[in-house]
2 protein chains.
Amino acid sequence: MTEIKDIKVAVDAIVFGYQQNTLFVLLVKQKFGPFKGIWVLPGGFVLQQESLIEAVTRELQEEAGIKVNYLEQLYTFGDNINRDPRFRVISVAYFALVNPDNFALAQQNDTDAEEAQWFAISNIPQLGYDHNQIVKMAHQRLKSKLTYQPIGFDLLATEFPFSDLENLYSVILEQEIDRRNFRKKILSLGFVEETNAPSINNGSGRPARLFKFNKDKYYALLSNSFHFEIKFA
Amino acid sequence: MTEIKDIKVAVDAIVFGYQQNTLFVLLVKQKFGPFKGIWVLPGGFVLQQESLIEAVTRELQEEAGIKVNYLEQLYTFGDNINRDPRFRVISVAYFALVNPDNFALAQQNDTDAEEAQWFAISNIPQLGYDHNQIVKMAHQRLKSKLTYQPIGFDLLATEFPFSDLENLYSVILEQEIDRRNFRKKILSLGFVEETNAPSINNGSGRPARLFKFNKDKYYALLSNSFHFEIKFA
DNA sequence: TCAAAAGTGTTCTCTTTACACCCATGG
DNA sequence: CCATGGGTGTAAAGAGAACACTTTTGA
């Protein structure tokens, strides 16, 4: 049974952020190891006494000082037995989203102090290991989940103008959206509500009213075997 | 880095089969270990030199002499650090389907010779480890995939009467189906075709024509960003 | 001729699409 | 008063749901 011992278990996180109509992915510069100096996904080995989730959360904190507000398991990469040139490693990849409040990266010369940086999804460099492939899969997951789960809200501020939501969908899905139909559809779902907050004005044009995602209402609907799907012409 | 070494990696498979309007799951009786004599999912530790997929395939062969015709990764269980009472194990669970040709279990007194047996999904006993939870998740996955991917065909014979497909959907989704609407919808998708095979007669009633799933046609449609969703009233 | 399962069309309703003008503000 | 983005309704087409009788076979 000696063969069993030597498979190492890692976690990696694909963290998406959204700012100025652009989708970003969080990367860190590897400080040592076979890909020293190369950009990779934040992640690392799982410790004996921690759960997988704890491992990801810890790594995100250590490597980027970031707290995500959506996290789910994506896929476990372990079919290429040489994906790490040093030894056999399988990696459980996690898919995460941050909203603008958590977008800023902590400047931390203190702890692990690796460089962490946001990269536009259209501009991801060559990454270490099989991480480009992982990013691709995560991007795909984001696109499809967006159409049947309300995860877009985790990339926006708590209160947002409707146009932000429109833009997020059209940017991420890379499709044009009919503003009228989109608004009608989203509002018909019943879990996006106008707030009382005063309208905001961003420079020019008519001020926008603010909306928010009502999580409770969403879950209430869910338990009544409710299902939605957002598609466009 | 000593903590890292001691996490063991296992794979488990949830294999579904379908016979006589009933959905079955394949279980094996544990021969040793902490759950000796208890039913569990087929699976075992991943060897140093094999991919995850190879590990599942091998275990299915060894423990049940079975070859599946659909296999995909389901989820990786590693948040309960005591899921195996002996040591820390994470398990990559796979979701598999067999069609009637592969349904029979090999009688194998030779190799690993564990007892393998099909259990109706409605009649799963208490399993070892966290395997009841895994089965539940797989069952959920099967239900939802059935509505947007043509995986039902992997549970049927290559050629099948239309009523088999109807029954499969209504049994697995636990819903009544309007036969006329179902047939119209499926045939409108364009990848289920009537064969030239002579009708078959099963005892009583009008003989049924046989249909088959045209994989090539399905993939051709897929690449044209085709999407389907099967829902019922 | 009866029992059993297979095969088939139409209407109504609801959802989705396409499409263009006015409104509120700042400069 | 102009530029900029926000806000809104209606008609036509398509998809989904409801619904029942005829056909073919074996016994």
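The values are calculated or read from the model by the stated rules, or taken from the named source; none is laboratory data. These figures come from a predicted structure and were not determined experimentally. Here Cβ is always computed from backbone atoms with ideal geometry, including for glycine, and neighbour counts include all displayed protein chains.
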Exercise. Output the residue which, of all residues in region A:54-76 that are touching a helix residue (DSSP H, G or I) at 6+ places or on another chain (Cβ under 9 Å) and of a type in the set (V, I, T), is nearest to B:V92 (Cα to Cα).
Key: A:T76
Quiz item: Looking at B:P100, B:P161, B:P198, which one is surrounded by 13 or more Cβ atoms within 10 Å (Cβ to Cβ) and within 16 Å of DNA strand D (Cβ to nearest atom)?
Solution: B:P161
Quiz item: Cβ-Cβ below 9 Å, separation at least six or inter-chain, first residue in region B:139-152 and without any contact (Cβ under 8 Å) to a residue 24 or more places away in the chain, second surrounded by fewer than 15 Cβ atoms within 10 Å (Cβ to Cβ): which pairs?
Solution: B:K145/B:E72
Self-check item: Residue count, region B:181-195 (criterion: surrounded by fewer than 17 Cβ atoms within 10 Å (Cβ to Cβ), hydrophobic (A, V, I, L, M, F, W, C) and touching a residue at least 12 places away in the same chain (Cβ under 8 Å))
Solution: 1
Quiz item: Can you name the condition, by its number, that A:D178 falls short on among (1) acidic (D, E); (2) within 11 Å of DNA strand D (Cβ to nearest atom); (3) surrounded by 15 or more Cβ atoms within 10 Å (Cβ to Cβ)?
Solution: (3)
Quiz prompt | Residue list for region A:101-118, restricted to those being modelled with pLDDT of 70 or more and either more than 23 Å from A:R83 (Cα to Cα) or assigned to a loop (DSSP other than H, G, I, E, B) (or both) | solution = A:D101, A:N102, A:F103, A:A104, A:L105, A:E115, A:Q117, A:W118
Exercise. List every residue pair whose Cβ atoms sit under 8 Å apart, with the two residues 6 or more apart in sequence or on different chains, where the first one lies in region B:198-212 and is in a loop (DSSP other than H, G, I, E, B) and the second, anywhere, is at pLDDT below 90 and near DNA strand C (Cβ under 7 Å from one of its atoms).
Key: B:P207/B:S199; B:R209/B:S199
Self-check item: From A:F87, A:F77, residue being surrounded by fewer than 22 Cβ atoms within 10 Å (Cβ to Cβ) and over 19 Å from A:F16 (Cα atoms)
Solution: A:F87
Practice problem: Report the residue count in region A:22-53 for those that are more than 14 Å from chain B (Cβ to nearest Cβ), touching a helix residue (DSSP H, G or I) at 6+ places or on another chain (Cβ under 8 Å) and β-branched (V, I, T). | Solution: 4
Quiz item: If the Cβ limit is 8 Å and pairs must be 6+ apart or interchain, which residue in region B:217-233 that is closer than 21 Å to B:I172 by Cβ pairs with which residue that is exposed (fewer than 13 other Cβ atoms within 10 Å of the Cβ) and modelled with pLDDT of 90 or more?
Solution: B:E229/A:E229; B:F232/B:Q175; B:F232/B:E176; B:F232/B:D178; B:F232/B:N181; B:A233/B:D178; B:A233/B:N181
Practice problem: Kindly provide the set of residues from region A:181-195 that are away from DNA strand D (no atom under 11 Å from the Cβ) and in a helix (DSSP H, G or I), ordered by number. | Solution: A:I186, A:S188, A:L189
Quiz prompt | Filter pass, B:Q133 being at pLDDT 95 or above, in a helix (DSSP H, G or I), more than 16 Å from DNA strand D (Cβ to nearest atom) and not charged (D, E, K, R) | solution = yes
Exercise. Could you list all residues from region B:182-214 that are within 6 Å of DNA strand C (Cβ to nearest atom) and at positive phi?
Key: B:G205
Practice problem: Return yes or no: is B:E166 under 21 Å from B:N99 (Cβ atoms) and either assigned by TED's automatic domain parsing to the domain that holds B:L146 or of a type outside the set (F, W, Y) (or both)? | Solution: yes
